[in-house]
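The values are calculated or read from the model by the stated rules, or taken from the named source; none is laboratory data. None of these values were measured; they are calculated from a predicted model. Glycine also receives a Cβ, built like all others from the backbone with ideal geometry; neighbour counts cover every protein chain displayed. What goes into the accessible areas is simple: the full protein's heavy atoms, side chains included, and nothing from ligands, DNA or RNA. Shrake-Rupley method; radii C 1.70, N 1.55, O 1.52, S 1.80 Å.
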Amino acid sequence: MSSNTTSRVAAGVAAGLIVSSVPAMADTDGESAQLAPLVVTPTRMTQTVDESLSSVSVIDRDEIDRQQPRQVSDLLQGRAGTSLTTNGPFGKNTSLFMRGTNPDHTLLLVDGVPMNSATLGGAAWQYLPPAEIDRIEVVRGPRTSVYGADAIGGVVQIFTREGEEGPPRFRAFGGAGSFNTHEFGVGVSGGTAASRYALSASHYETDGINVLDETGDEDPDGFENTSFSGRFSHRLNGGAELFATGMRSQGETEFDANDGEEDWTDHVFQALRGGVRGDLTDRWFSELAVSQAKDEQDTFDSSGGEYWYYTERHEVSWRNELYWGAGHVWAFGGDWRDEEVDTAEDYDETSRYNAGAYTQLELDLSRHDLGSSLRYDDNEAYGDNVTGQVAWGVDVTDRLRLRSSYGTAFKAPTFNDLYFPGFGNPDLEPETSESFEIGARQAGRYSYWDLAVFQTDIDDLISGWPPVNVNEARIRGAELEAGAHWQEWQISGAFTYLDHEDRETGDELARRPNESLRLDLDRQLGDFSVGATGIARGRSFDRGERVSGYGLLNLRTSYAITPEWTLRGTLENALDKDYETADGYNQPGRAVFVSLHFNQH
């Protein structure tokens with residue numbers, strides 16, 4: 001049996017064990033001991049995960065605390081339909097592949113603010129601070145008809161911490177570990193019957209590891225990041241609510257240059273949003289908001305050279321929801337975005353606007369649910385696009401729900417694609433896609449599982465340099481997510497299988513593993529807790545080279561010294577595996593981190 005076949009069988013068996021364990025932990029009554037998480041990202045409207053007609057996962061603050069991640073990629077790696085590659089750890093370029101689509105086919109939102117770069121295309125996942133995050137919603141499948149360009153593969157939304165009614169509650173933490181790593185942070189939150197607030201700040205720095213061997217520079221490549229976040233809301237006497245959110249990360253990351261010298265990039269990653277929302281009538285909800293996004297990366301080399309890519313995006317949005325009957329909702333709205341770039345290169349165009357309008361309809365027909373969305377975008381640079389989506393769900397039993405959907409999406413050409421001096425192609429068309437999905441979800445009192453099969457066909461893929469619309473891709477796959485809690489045990493897992501092909505060449509798409517598996521297991525033992533995460537990833541190809549698959553084991557523990565003080569520790573890559581996610585870029589070996597946390601109740 002080949003190693004590839006062995007890894008596929010092993011992953012399939014492990015995934016089967018997750019599913020087979022779930023019914024054994026389920027009860028016989030229809031009540032729920034734990035409410036299903038609320039989500040807003042699939043449709044922009046609040047609903048539970050069980051009610052959603054999408055494939056969606058939620059990572060809440062409790063799970064983030066248990067996982068003790070150093071970077072956001074630690075939380076997302078191996079989740080259903082999701083894989084990441086990094087050009088080394090700790091602040092290095094990170095790419096997220098959602099259901100096998102390109103890294104710039106996944107839209108990143110921070111508190112509703114789109115954060116993808118207008119020059120580089122993808123999002124700077126490496127600069128997101130785990131300490132400032134309250135929860136993460138991951139929606140798999142196209143969402144362009146809801147959010148506009150770039151959401152071919154899906155959407156990931158980061159929500160910063162928020163306050164609750166009560167007196168000020170303070171929190172603080174500090175920690176240290178391998179690679180001369182240090183981190184610390186403070187925060188406060190609270191509120192009244194009418195107002196809520198949360199403020200926090202954190203700092204992370206590490207010497208890192210030597211990322212690239214081939215340059216001859218053996219010095220470690222460090223990372224330093226300082227982050228701030230804030231959230232405020234106030235309800236007026238008439239019922240309307242004023243709100244504001246903000247997050248900012250800034251710092252420096254080092255990397256090895258091809259000349260053997262060490263270069264570095266200074267970064268600023270910022271999302272600001274504010275507005276007013278409330279009920280215009282007892283059946284009409286409306287929100288008016290403005291936002292700003294910044295993605296600034298300024299790179300310096302050892303010879304004194306400098307090059308930079310800055311994106312600044314301003315947006316005004318208006319959203320409305322009209323409710324009628326037994327759970328029917330009609331939503332409509334529009335947004336206007338202005339993108340401006342500043343680079344070291346002399347671009348022919350440095351700004352563009354996009355005007356969008358959309359409508360959504362959600363119908364609750366007893367056991368059946370229907371959802372649809374339609375959006376029109378008019379962009380100054382590449383013209384207009386119309387995208388849409390339809391979805392259907394049916395409750396087979398009180399616990400089992402089937403769903404299916406079809407959607408179209410598009411990816412906008414970046415400023416680099418269109419206007420890079422000497423190489424840009426102003427005649428590029430947007431990349432377009434069609435996606436189909438069939439899924440099932442069962443949720444009980446102690447457990448759930450979610451299974452989906454899907455296919456995405458992408459046309460007019462932008463490829464080459466100078467870029468042209470030439471390639472077509474087809475991606476087929478299946479994903480399984482499951483979880484259970486029973487007494488002091490918590491278990492969750494995900495398995496993804498992908499069959500992906502460049503239709504022009506017949507080759508597999510770069511950097512995507514065909515299979516991935518993640519298992520998380522935690523046990524509470526009085527004031528102690530112990531846990532482990534196992535990640536298995538199949539082989540992939542990068543720059544024509546084979547990148548071997550690997551398996552990782554991460555261990556963690558915590559001890560509640562008092563109700564307010566907690567000591568936590570992790571042993572990452574416990575088996576000291578030598579592995580890569582991108583060809584030639586090293587990943588860290590065995591590492592230990594310890595932290596002390598104060599959380600006022």
What single numbered condition from (1) open to solvent by less than 20 Å² (accessible area, probe 1.4 Å); (2) without any contact (Cβ under 8 Å) to a residue 40 or more places away in the chain fails to hold for G464? (1)
In the range 345-363, is there at least one residue being over 29 Å from V268 (Cβ atoms), of a type in the set (S, T, Y) and not in a strand (DSSP E or B)? no
In the range 542-586, the residues that are in a loop (DSSP other than H, G, I, E, B) and in contact with a Leu (Cβ under 9 Å, 6 or more places away or on another chain): I561, N573, A574, L575, K577, Y579, T581, G584, N586
Has the range 576-594 got any residue that is closer than 22 Å to Q67 by Cα, open to solvent by 50 Å² or more (accessible area, probe 1.4 Å) and in contact with an Asp or Glu (Cβ under 7 Å, 6 or more places away or on another chain)? yes
Out of all the residues in the range 434-457, which are assigned to a strand (DSSP E or B) and of a type in the set (S, T, Y)? S435, S447, Y448, T456
Taking only the range 476-511 into account, find how many residues are assigned to a loop (DSSP other than H, G, I, E, B), open to solvent by 30 Å² or more (accessible area, probe 1.4 Å) and not β-branched (V, I, T). 9
Which of the following residues is of a type in the set (G, A, S), modelled with pLDDT under 90 and either closer than 24 Å to F420 by Cβ or in contact with a Gly (Cβ under 7 Å, 6 or more places away or on another chain) (or both): G464, G506? G464
If we ask which residues in the range 100-133 are open to solvent by 10 Å² or more (accessible area, probe 1.4 Å), on the phi > 0 side of the Ramachandran plot and in contact with a His (Cβ under 9 Å, 6 or more places away or on another chain), their number turns out to be 0
Of all residues being farther than 29 Å from V396 by Cα and assigned to a loop (DSSP other than H, G, I, E, B) in the range 42-82, which is most open to solvent (accessible area, probe 1.4 Å)? Just the residue, please. Q71
Pull up the range 239-264, narrow it to residues that are touching a strand residue (DSSP E or B) at 6+ places or on another chain (Cβ under 6 Å) and farther than 21 Å from Y127 by Cα, then point me to the one that is modelled with the lowest pLDDT. G239
Exactly one of (1) of a type in the set (A, V, I, L, M); (2) open to solvent by less than 30 Å² (accessible area, probe 1.4 Å); (3) under 19 Å from the mean Cα position of the chain (by Cα) is unmet by L519. Its number? (2)
Within the range 331-360, count every residue that is closer than 24 Å to W284 by Cα and either open to solvent by 60 Å² or more (accessible area, probe 1.4 Å) or polar (S, T, N, Q) (or both). 3
Scanning the range 43-88 for residues that are small (G, A, S) and without any contact (Cβ under 8 Å) to a residue 60 or more places away in the chain gives S52, S73
Please identify the pairs in which a residue from the range 570-599 that is more than 24 Å from T557 (Cα to Cα) has its Cβ atom under 6 Å from the Cβ atom of a residue that is polar (S, T, N, Q) and assigned to a strand (DSSP E or B), counting only partners at least 6 apart or on another chain. T581/T85; T581/T86; A582/T85
